[in-house]
């Protein structure tokens, strides 16, 4: 490593000490874990292993996340000649060596590791890797010089990765593991105002402990404990548009589909950088004793999205729909006049994004949305689950809100330049 490159104390310690079979850098966002991997760990291990038996392996939740989190930052540091593109056979040229890049969030990826001897592996966001893939990886690190380096933000204390680390750190475990914990304050190169902004953004949520303090924290209690601060009467422009006086504001509708379970539609109006949840429509076949057809729901949606009650809605209203509602999506598309989009149904990331949007003011909720407010007050983490999972009871508005926030990418992660200096 160039002696003129400035490292944080944690990064310097990792460079010196992380030469074990298992090496974990776990902790806060923007604390230097991934940067250390792209600057030093991956290039150093790939080059130093040249000529030795075994393969180089990069694992991540998907090939897209490997490209975004690992390969693109390495190209920025080392250039296109040193860091290639992933080809159709999941291979990539790294520093003159071949590496296999495999998305590992699904159990089906296990077969791609069978029969391999791995001399070096880097795992990006290891908490997102499927447990069966991780178990298979253990048996693939079978060479005397095999090393695996893992980085992640922590999850809940019962996550399988945390359990493996705890087992390895017990005296006499026989597992060769190096573990390093990072907080956001371990990175002196971050601008102080950026750190303060992140602290404020995550405060009041489980993500503060995980993403700021770098702790394996249990998600408990209400999923959105800050929800009441997001409830407010909409500004005049939003209220007027909702009443039919077209203010030219952008609109969207998000839908959680149900037949016997409740059907929930949320109407959103944008003013500036804030999306206002201004109205809701709910129907429960179980409560009413009568189920509706897809055509009935489409008619109801037309009335719900009408510019003025009793008139025909404006054409081209964007609708984000539960991706499992294939027949309802087909009905809307067949009728025309809707801009239908299947929702991003990533639960964990969606819940995190909603929490941060409620906290930051990117999402506000009108008091007239009584069903949504009722769900907010009961939407809780399942303390019996091994991962972050809300209790699945009366959560239809919560799901529809998550679809909107996640699909439209309303949460925009803050970026700050990482500034380790040369010379």
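The values are calculated or read from the model by the stated rules, or taken from the named source; none is laboratory data. As the structure is a computational prediction, the values presented were derived from the model and not from experiment. Positions of Cβ are backbone-derived with ideal geometry, glycine not excepted, and every protein chain shown enters the neighbour counts.
When region 141-153 is filtered for residues that are in contact (Cβ under 8 Å) with a residue 60 or more places away in the chain and either within 28 Å of the chain's Cα centre (by Cα) or surrounded by fewer than 18 Cβ atoms within 10 Å (Cβ to Cβ) (or both), the ones remaining, listed by number, are 143, 145, 147, 148, 149, 150, 151, 152, 153. Count of region 202-255 residues, restricted to those that are within 20 Å of residue 347 (Cβ to Cβ), without any contact (Cβ under 8 Å) to a residue 40 or more places away in the chain and not in a helix (DSSP H, G or I), is 1. When each of 362, 341, 389, 335 is tested for being surrounded by fewer than 19 Cβ atoms within 10 Å (Cβ to Cβ) and more than 20 Å from the chain's Cα centre (by Cα), the lone residue that passes is 335. The combined condition, being within 23 Å of the chain's Cα centre (by Cα), at pLDDT 95 or above and more than 25 Å from residue 231 (Cβ to Cβ), is not fulfilled by residue 354. Only one residue in 115, 172, 96, 156 is out of contact with any strand residue (DSSP E or B) (no Cβ under 6 Å at 6 or more places or on another chain), under 30 Å from residue 229 (Cα atoms) and either in the same structural domain as residue 63 (by TED's automatic domain parsing) or buried (at least 19 other Cβ atoms within 10 Å of the Cβ) (or both). Which one? None of the other options fit; the residue is 156. Is it true that residue 319 is at pLDDT 90 or above and either loosely packed, with under 14 Cβ neighbours inside 10 Å or within 24 Å of residue 248 (Cα to Cα) (or both)? Criteria met by residue 319.
A single entry from 66, 58 fulfils the requirement of being assigned by TED's automatic domain parsing to the domain that holds residue 95, closer than 19 Å to residue 116 by Cα and surrounded by 20 or more Cβ atoms within 10 Å (Cβ to Cβ): 58. Screening residue 214 on (1) out of contact with any strand residue (DSSP E or B) (no Cβ under 9 Å at 6 or more places or on another chain); (2) over 20 Å from residue 377 (Cα atoms); (3) outside the structural domain of residue 326 (by TED's automatic domain parsing) shows it passes everything except condition (1).
Is it the case that some residue within region 182-190 is assigned to a helix (DSSP H, G or I), closer than 23 Å to residue 19 by Cβ and out of contact with any strand residue (DSSP E or B) (no Cβ under 6 Å at 6 or more places or on another chain)? Among the residues of region 182-190, at least one is assigned to a helix (DSSP H, G or I), closer than 23 Å to residue 19 by Cβ and out of contact with any strand residue (DSSP E or B) (no Cβ under 6 Å at 6 or more places or on another chain), which makes the answer yes.
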